[in-house]
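The values are calculated or read from the model by the stated rules, or taken from the named source; none is laboratory data. Nothing here was measured: the structure is a model prediction, and the numbers come from that model. Here Cβ is always computed from backbone atoms with ideal geometry, including for glycine, and neighbour counts include all displayed protein chains.
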Number of protein chains: 2
Amino acid sequence: MDDKLMLMIPGPTPVPEQVLLAMAKHPIGHRSGDFSKVMAEVTENLKWLHQTTGDVMMLTVSGTGAVEAAIVNVLSPGDRVLVGANGKFGERWAEVSQAYGLAVETITAAWGQPLDPEQFRATLEADTEKTIKAVIITHSETSTGVLNDLETINRHVKAHGEALIIVDAVTSLGAINLPIDQWGLDVVASGSQKGYMIPPGLGFVSVSARAWDAYKTAKLPRFYLDLGKYRKDAAKNTTPFTPPVNLIVGLQVALRMMQAEGLESIFARHQRMMQATRSAIKALNLPLFAPDVAASPAITSVAPLAPLDSEQIRSLLRKRFDIAMAGGQDHLKGKIFRIGHLGFVCDRDILAAIAALEATLLELEYGGFIPGSGVAAAAKVLTQSR
Amino acid sequence: MDDKLMLMIPGPTPVPEQVLLAMAKHPIGHRSGDFSKVMAEVTENLKWLHQTTGDVMMLTVSGTGAVEAAIVNVLSPGDRVLVGANGKFGERWAEVSQAYGLAVETITAAWGQPLDPEQFRATLEADTEKTIKAVIITHSETSTGVLNDLETINRHVKAHGEALIIVDAVTSLGAINLPIDQWGLDVVASGSQKGYMIPPGLGFVSVSARAWDAYKTAKLPRFYLDLGKYRKDAAKNTTPFTPPVNLIVGLQVALRMMQAEGLESIFARHQRMMQATRSAIKALNLPLFAPDVAASPAITSVAPLAPLDSEQIRSLLRKRFDIAMAGGQDHLKGKIFRIGHLGFVCDRDILAAIAALEATLLELEYGGFIPGSGVAAAAKVLTQSR
């Protein structure tokens, strides 16, 4: 059915009607007093969302552009960086670092498993000459639904004393508690089409005072991604390059909605979505791809066994119930499907998705579950965790 | 009055209602069959608009990001580049080139005057060892309203035989005839909030076969701006990084509107807007900042003499008539104002703008014109050039 699509992918996520309508207004000039007022409010509210008193800058980029900005602004050619790689995005940050001539060392885990903080501790402790300039960690690995233990890894980085920590928070910011100032996270990058509840097209980067110190001597080439330019202009409530004004006006509305809900409620809601989804998937006797101890509140990956087929499940969900779920990426294509439950997602969405998944499994003649058991399990979590 | 703003700045430009409404639809997944269909149509129509059978790629960037992509994909550190600089944007491309460690040589003209093609001829002819790797030209200089003679400069580049030509077409593409294949332009960059009639947030880069050859050996670091990734994925009607789906759905509508109007009509309309505006400004005895021979069909800059004050004129136009015109940039701040007449602009808009300008001049007690003469002059052009 036209226009009846329900997005349950890890981005773009559903966008509230009031945000869509704000975006549909005629653009205003980006050098006007009216736009400066929008910038002032949005910048202030972004700091609230990032739990920081430091700088948070907006760039016209996708999430990858935001993480690249995080890297190129604080490092110089040949710098040694430690990259956590346990999925498509962790691996991508190693590739970006290589493209810029950094000396890249990866700490890996299998896709679907979390990074082991102990490996970071060992490598950082062994670096007595303090040659490691930065540690790059993907908080919520979008490709697998794994949540890495950023808090513990960051403690080891802090114990090292010299290395900066750079965080890919693309599917965590606005969905999972990430107290930037309290933890002392140096550079945190994220993207609009996730927890922010607006369409893709904006990237965000927060920068700590320590990271600004590193910026002063960082020699990687940059111009469009030069965060110093954004900082300077943000202080005057403007931008160095033409910003996507319609998206920013949409963001203004979305941030007000988030403030009305409150950070704790937002994080609790995402926890509840995750628990209800995982509980339902277990009741359906489908294998969860990420372990409970490292489950992302933003995405749940499911790895159905033969004769079930992930792509067939996704295709039927799309065709029969107008629900879009995401497939696996790279070598996981056809092996998993991913349920996005971040951003503008409510309890009803999870119930609808699980009910539709059950109907799809019935249609595929999967005999491994008692019909209704998934919805019952999800409902139980939703009821108990209110 | 709320929501009554009329944009006559050189970007963002007015956006048609049908584009705004398309953008206000719920986003769809960027890895879906539905989005692939949009990509296929948009990519095809972008080639039509660019008058090329070569590649035209879309990036989530502002115009500056698009030009930076044009530069970093075909050059290596230390490469000698010749940059035409006769305004804020020409100077910016010299800065970008310097930021990436290129050997930059500028050919300059005063802001408000066109680049002299003879200087390019002389420098290129003197380069018998063919050390010049690229020539970077701003076609329509947004900061001044000057149209540089790209066709002639490009002929000299072609005579050189080795150098690539990189074009900033940010306020020319979709407004001014720019036959990319016919002229053999190598890399042409532009931005969505101009002739494309959609809000800011998308950049476009066309790349010739010769430029792709240069890409193979070009060593400047890049990842997010790596055009090879976009080319590879565009062939499969997808994108390497999450694209701004709502903007692209808006672009789909805008390109259909442009095809219905036809390229010749679009270019003739912009010529008419320029001529009507310039004729009116002359009738009002206000000095035009750019000479007739180098006037951009996208922007007209006006340099009123004391006691008239550009900022006062702009402020009254905004306050009394809800018309936004642009001010001068950098050292031209307060010295000129700029009338944007590109994109979704019709004859009525020019008449309204000139009439409001006349009323503003009356309110400022400017005695240098016969009331009604500006509108009469504009109307005469509009009538004769149909």
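Annotations
- Between B:13, B:53, B:43, the distinction of being in contact with a Lys or Arg (Cβ under 7 Å, 6 or more places away or on another chain) and surrounded by fewer than 21 Cβ atoms within 10 Å (Cβ to Cβ) belongs to B:53 only.
- Output for segment B:225-244, where each listed residue is assigned to a loop (DSSP other than H, G, I, E, B) and more than 12 Å from chain A (Cβ to nearest Cβ): B:235, B:236, B:237, B:238
- Check on residue A:190, part of a strand (DSSP E or B), among the hydroxyl-bearing types (Ser, Thr, Tyr) and either closer than 17 Å to residue A:298 by Cα or not assigned by TED's automatic domain parsing to the domain that holds residue A:119 (or both): yes
- Residues located in segment A:83-126, provided they are among the acidic types (Asp, Glu) and surrounded by fewer than 17 Cβ atoms within 10 Å (Cβ to Cβ): A:95, A:105, A:118, A:125
- Tally of residues being over 18 Å from the mean Cα position of the chain (by Cα), not in a loop (DSSP other than H, G, I, E, B) and not aliphatic (A, V, I, L, M) across segment B:34-60: 9
- Subset of segment A:124-182 that is in contact with an Asp or Glu (Cβ under 6 Å, 6 or more places away or on another chain) and of a type in the set (A, V, I, L, M, F, W, C) - its residue that is nearest to residue A:325 (Cα to Cα): A:165
- A single entry from B:64, B:123, B:108 fulfils the requirement of being under 30 Å from residue B:254 (Cβ atoms) and either outside the structural domain of residue B:301 (by TED's automatic domain parsing) or free of Cβ contacts under 8 Å to residues at least 24 places away in the same chain (or both): B:64.
- Scanning segment A:222-266 for residues that are surrounded by fewer than 22 Cβ atoms within 10 Å (Cβ to Cβ) and within 19 Å of residue B:101 (Cβ to Cβ) yields A:226, A:228, A:229.
- Residue B:91 meets each of the listed conditions (1) in a loop (DSSP other than H, G, I, E, B); (2) within 23 Å of residue B:132 (Cα to Cα); (3) without any contact (Cβ under 8 Å) to a residue 24 or more places away in the chain apart from (1).
- Residue check for residue B:80: among the charged types (D, E, K, R), over 17 Å from residue B:146 (Cβ atoms) and surrounded by fewer than 24 Cβ atoms within 10 Å (Cβ to Cβ): yes
- Taken over segment B:282-306, the residue count meeting the criterion of being closer than 15 Å to residue B:369 by Cα and within 16 Å of the chain's Cα centre (by Cα) is 0.
- Condition broken by residue B:142, with the remaining ones in (1) hydroxyl-bearing (Ser, Thr, Tyr); (2) over 19 Å from residue B:330 (Cα atoms); (3) crowded, with 24+ Cβ neighbours inside 10 Å satisfied: (2)
- Residue check, residue B:205 of a type in the set (Val, Ile, Thr) and either part of a loop (DSSP other than H, G, I, E, B) or more than 12 Å from chain A (Cβ to nearest Cβ) (or both): yes
- Any chance residue A:156 is in the same structural domain as residue A:24 (by TED's automatic domain parsing), within 30 Å of residue A:295 (Cβ to Cβ), surrounded by fewer than 24 Cβ atoms within 10 Å (Cβ to Cβ) and in contact with a strand residue (DSSP E or B) (Cβ under 7 Å, 6 or more places away or on another chain): no
- Residue that is farthest from residue A:76 (Cα to Cα), among those in segment B:106-125 that are over 23 Å from the mean Cα position of the chain (by Cα) and not hydrophobic (A, V, I, L, M, F, W, C): B:118
- Among the candidates A:255, A:247, A:332, the residue that is closer than 24 Å to residue A:176 by Cα and within 14 Å of chain B (Cβ to nearest Cβ) is uniquely A:247.
- Residue check: residue A:68 meets all listed conditions (1) touching a helix residue (DSSP H, G or I) at 6+ places or on another chain (Cβ under 6 Å); (2) outside any helix (DSSP H, G or I); (3) buried (at least 24 other Cβ atoms within 10 Å of the Cβ) but one, namely (2).
- Taking segment A:1-38 as the range and being under 21 Å from residue B:6 (Cα atoms) and out of contact with any helix residue (DSSP H, G or I) (no Cβ under 6 Å at 6 or more places or on another chain) as the test, the residues that pass are A:21, A:25, A:26, A:29, A:31, A:32, A:33, A:34, A:35, A:36, A:37.
- Filter pass, residue B:96 being of a type in the set (A, V, I, L, M, F, W, C), modelled with pLDDT of 95 or more and not in a helix (DSSP H, G or I): no
- When residues of segment A:1-33 are limited to those that are part of a helix (DSSP H, G or I) and either in contact (Cβ under 8 Å) with a residue 24 or more places away in the chain or more than 8 Å from chain B (Cβ to nearest Cβ) (or both), the one farthest from the chain's Cα centre (by Cα): A:33
- Residue count for segment B:39-91, restricted to those that are polar (S, T, N, Q) and away from chain A (no Cβ under 14 Å): 6
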